[in-house]
Amino acid sequence: MDLIWEGLRKALELLLALDPEVLRITWLSLQVSGVATLISLALGLSVAVALALNEFPGKRLIIALLNTGMGLPPVVVGLFVTVLLWRNGPLGSLGILYTPSAMILAQAIIASPIIAGISLAALQHLPPGLRLQILALGASRPQMVWLLIKEARLPLLAAVMAGFGGVISEVGASIMVGGNIKGQTRVLTTATVMETGKGNFDVAIALSLILLVLAFSVNALLTHLQQRGRRP
Amino acid sequence: MNRSTILRWGLTLATALSSTLLPAAPPAQKVLILATTTSTQDSGLLDELIPRFEKQTGYAVKTIAVGSGQAIAMGKRGEADVLLVHSPEAEKALVAEGSGVNRRIIMHNDFILLGPPADPAGILKRTAQESLQRIAAAKATFLSRGDNSGTHAMEVKLWKAAGIPFEGQAWYQQTGQGMGQTLAIAAEKKAYTLSDRGTYLALQKKLGLAILHEGDPSLRNVYHVIEVNPARFPKVNTAGARAFADFMVSKDVQARIKEFGIATFGSPLFFPDAGTPE
């Protein structure tokens, strides 16, 4: 218990002193997971819209695969991305292994199915007649899609939060494809693992608390967007 | 919320994220991948040496701290440029097989047998071999790294030398984790374990483990630097690997290794060895 208080004190200390190393890894965590979430939103939402608006054979199988993908283990993603990105591997010419770009790639693979799966459920939950109604009022197809997305914005923002939460908190993929390199690919989760390994439990707890505060801030912002304009 | 609000938020976020996104990557020939063991990172030695090397030479070092087993496997696939490892048998195999060249000795410390201060198996003041036999006879919990690291390789060698069937025994447990984590688990479970002295000294104050056996010549822990063979893997940064290996055996660095840890832990963590026979 003492250790947790000590960690809390350490966290305040590191934050108040604006420790440059801590600020850098906090900022990098936000950048990597933020960009990965944006990419996943673009990808996931497109897939969800395509699946929600079209009927074709094998659709259920694809949805089942997508829902399974929501539970993709980060270490599995990390392992495959590492092997693909090795300099003697199939995508080695990109030269992005052990860079933030590789971490964004791995995290986007983790978050995309999460966002796609929840978005699809959100879109499918809309009243089936809504689409026809919108089209009957003379909307073009893109306008119709936009209106549907607007209509489902509450669960869609929940999808973004779930996707972001999934990647900001994962360590398995980040440590493998990023390498936890100081000043380059060290993020809050990988630094926490390393400090624990070093026996610096107070620093590790401090980093965990900073991670929680960061996750809370981002989610508070998204919740604000989500709940705005709703009457009590 | 209307369309323009979402767009505005999205754009602000995207700009904020991408404008400062990721410092431009250094050109490839200036990047050096160092695969090494957790003990060099967890003890803090690399944090002291790497920035100095980068400043002197201009290389950007990507330090991948994993077990020696994985580090050597990366060398074998040409996925690292230079290795700093402590698993002599596996290192010799790597050089013999042609993936590693120019293996040079850097430093040593030693392995120590740790356990709960109460020492239920009674191994204090025994030889390494007797200690292990007593642990096995008492069925006292022994924690193995179980991760093909240099420490794990040494431990397996010791069990074999003591003639004890250890695999699959209930008292023999594998953590599959790094040295720091394994020491923490050993402390919690009041178990015996084998550690390199550097990591132990760095963590000592947080652990309730006592050194129960040390000083046996069979427990020497030697670190070597190995360059990955560019003739086999064309993508290896040959000049960088050579520069790093030369840096590690340089007088200045060897003097720093000798001093490292004295101020913080009261005794050195590693002893420089460059130029001496193994």
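Each value in this text was obtained by applying a stated rule to the coordinates, not by laboratory testing. Just so it is clear, the model here is predicted, and its values are computed rather than measured. Quick reminder, even Gly has a Cβ in these numbers, built from the backbone with ideal geometry, and neighbours come from all protein chains shown.
State the number of lysine pairs found in chain A whose Cα atoms come within less than 30 Å, restricting to pairs 8 or more positions apart or on distinct chains.
4
Take the Cβ atoms of A:His125 and A:Phe56, set R0 to 22 Å, and the FRET efficiency comes out at 0.60. Sorting the Cα pairs of segment A:69-153 by distance into bins of 10 Å, from 0 upward, gives 16, 31, 19, 19, 14, 1 percent per bin. Rounded to a whole number, what is D in µm²/s for segment B:202-266 from Stokes-Einstein with the Kirkwood radius over alpha-carbon pairs (10 °C, 1.306 mPa s)? Using the Kirkwood radius from Cα pairs, D works out to 102 µm²/s.
Against chain B, whose longest principal axis comes from its Cα atoms, helix B:128-138 is set at around 80 degrees. Largest GNM mean-square fluctuation among B:Ile72, B:Ile257, B:Ile164, using chain B with Cα springs under 10 Å: B:Ile164.
Convex hull of alpha carbon positions in segment A:137-232: directionally averaged projected area 9.4 nm².
Dividing the mean sequence gap of close Cα pairs (under 8 Å, 6+ apart) by how many residues segment A:1-113 holds gives a relative contact order of 37 percent.
Relative to the dominant Cα principal axis of chain A, helix A:141-151 is inclined by about 60°.
Distance between the pseudo-spin-label points of A:Arg141 and B:Lys55 (7 Å out from Cα toward the beta carbon): 6.2 nm. Over what distance in Å are the Cα centres of segment B:147-185 and segment B:70-136 separated? One Cα centre to the other: 11 Å. Semi-axes of the equivalent ellipsoid of chain A are 37, 23, 14 Å, computed as sqrt(5λ) over the eigenvalues of the C-alpha gyration tensor in descending order. Once the C-beta distance of B:Ala170 and B:Ala96 is scaled by a Förster radius of 35 Å, the resulting FRET efficiency is 0.40 to the nearest 0.05. Once divided by 2.2 N^0.38 Å, the Cα radius of gyration of the protein assembly as shown becomes 1.12.
Do you know the relative contact order of segment B:103-166, to the nearest whole percent, from alpha carbon pairs under 8 angstrom that are 6+ apart? In percent, rounded to a whole number, it is 28. What angle do you read, to the nearest 10 degrees and between 0 and 90, between the alpha-carbon axis of helix B:88-97 and the longest principal axis of chain B? Taking Cα atoms only, the helix is inclined about 50 degrees. Calculated mean residue ellipticity at 222 nm for chain B: -13000 deg cm²/dmol, from DSSP H runs with n ≥ 4 weighted as -39500 (n - 2.57), summed, divided by the residue count and rounded to 500.
Loop-located GluC sites (Glu not before Pro) across segment B:152-211 with a Cβ neighbour count of 14 or fewer within 10 Å are B:Glu167, with loop assigned by DSSP.
Using the empirical formula 2.2 N^0.38 Å as the baseline, the Cα radius of gyration of chain B reaches a ratio of 1.18. Using 0.36 nm per residue and subtracting the Cα-Cα separation, the extra length available between B:Ile262 and B:Gln204 on full extension is 19.5 nm. With R₀ fixed at 30 Å, the C-beta to C-beta distance from A:Arg153 to A:Val76 puts the FRET efficiency at about 0.40. Translational diffusion of segment B:110-219, estimated by Stokes-Einstein from the Kirkwood radius over alpha carbon pairs at 20 °C in a medium of 1.002 mPa s, is 159 µm² per second.
Among A:Gln143, A:Gln107, A:Gln31, the residue with the largest mean-square fluctuation in a Gaussian network model of chain A, with springs joining Cα atoms closer than 10 Å, is A:Gln143. Between A:Leu188, A:Leu41, A:Leu61, the Gaussian network model of chain A with springs among Cα atoms under 10 angstrom shows the greatest mean-square fluctuation at A:Leu61. For segment B:110-219, the share of DSSP beta bridges that are antiparallel, to the nearest 5, is 60%.
Taking only C-alpha pairs under 8 Å that are 6+ residues apart, what is the relative contact order of segment B:110-219 in percent? Dividing the mean separation by the residue count of segment B:110-219 yields 47 percent.
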